[in-house]
Amino acid sequence: MSLAVPAAYEQWMRRALADARLAFGTGDVPVAALVVDGLGDVIGTGRNERELRHDPTAHAEVLALREAAASRDDWHLEGCTLVVTLEPCVMCAGAVLAARIPTVVFGAWDEKAGAGGSVYDVLRDRRLNHRVEVFPGVLAEECGEVLLDFFRAKR
């Protein structure tokens, strides 16, 4: 069963894609994330900064969640949506669950390390205490192209 994708998800993904392209300047994999509150306001942004910060946890999702929690002065991010250009990894899926994010929207699938339904499905694992509604493949081709361009340039 395919879920209808709200138009706002594509709009937010386009913003995330613009942020992802900024990673080319730091040598980081071009992935970006936004946390959007229930009113549609962006309250947290992040892009991969592992190379820039020399920090293995500096994934786009983690940085966006940290900023959103700081803006709310609360780590509970109920009612928010995480929008990310690449399917979250296991670490980022765990952070989403810990923050109680109810909705994740992602662009490209990560067939090597994804935890939103490709390799693992951590976000919807019924054994865990929180499950997420997942909207995969939003602007997947565009999100994938940004990643392909990055890796082509590295070769």
Can you pull out the residues in region 56-111 that are farther than 18 Å from residue 124 by Cα, in contact with an Asp or Glu (Cβ under 9 Å, 6 or more places away or on another chain) and of a type in the set (Lys, Arg)?
72
Within region 133-155, residues being within 25 Å of residue 37 (Cα to Cα) and open to solvent by 10 Å² or more (accessible area, probe 1.4 Å) number 7
Residues in region 86-102 that are open to solvent by 10 Å² or more (accessible area, probe 1.4 Å), within 11 Å of residue 131 (Cα to Cα) and either in contact with a strand residue (DSSP E or B) (Cβ under 8 Å, 6 or more places away or on another chain) or at pLDDT below 95 (or both) total 1
Mind checking which pairs have a first residue in region 58-79 that is among the small types (Gly, Ala, Ser) and a second that is open to solvent by 20 Å² or more (accessible area, probe 1.4 Å), Cβ under 6 Å, 6 or more apart or different chains?
58/49; 58/50; 60/47; 64/45; 68/43; 69/75; 71/43; 79/38
Could you please give the count of residues in region 25-50 that are over 16 Å from residue 86 (Cβ atoms) and open to solvent by 60 Å² or more (accessible area, probe 1.4 Å)?
4
Can you tell me which of (1) hydrophobic (A, V, I, L, M, F, W, C); (2) open to solvent by less than 50 Å² (accessible area, probe 1.4 Å); (3) assigned to a helix (DSSP H, G or I); (4) within 25 Å of residue 142 (Cα to Cα) is the one residue 83 doesn't meet?
(3)
Within region 56-66, which residues are open to solvent by 40 Å² or more (accessible area, probe 1.4 Å) and not basic (Lys, Arg)?
56, 57
If a residue must be open to solvent by 70 Å² or more (accessible area, probe 1.4 Å) and at pLDDT 90 or above, how many such residues does region 2-24 contain?
6
Tell me which residues, restricted to region 1-21, are of a type in the set (Ser, Thr, Tyr) and part of a helix (DSSP H, G or I).
9
Evaluate region 141-154: report whether one residue or more is more than 26 Å from residue 11 (Cα to Cα) and outside any helix (DSSP H, G or I).
no
I'd like the full set of residues that are in a helix (DSSP H, G or I), touching a residue at least 12 places away in the same chain (Cβ under 8 Å) and over 19 Å from residue 58 (Cα atoms), limited to region 95-140.
122, 123, 140
Is it the case that residue 77 is under 14 Å from the mean Cα position of the chain (by Cα) and open to solvent by less than 30 Å² (accessible area, probe 1.4 Å)?
no
Hey, can you tell me all the residues within region 22-67 that are among the hydroxyl-bearing types (Ser, Thr, Tyr) and assigned to a strand (DSSP E or B)?
45
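The values are calculated or read from the model by the stated rules, or taken from the named source; none is laboratory data. From a predicted model like this one, the values you see are computed outputs, not experimental measurements. Virtual Cβ from ideal backbone geometry, glycine too; neighbours counted across all protein chains shown. Heads up: the accessible areas ignore ligands, DNA and RNA and are worked out on the full protein's heavy atoms, side chains in. Shrake-Rupley method; radii C 1.70, N 1.55, O 1.52, S 1.80 Å.
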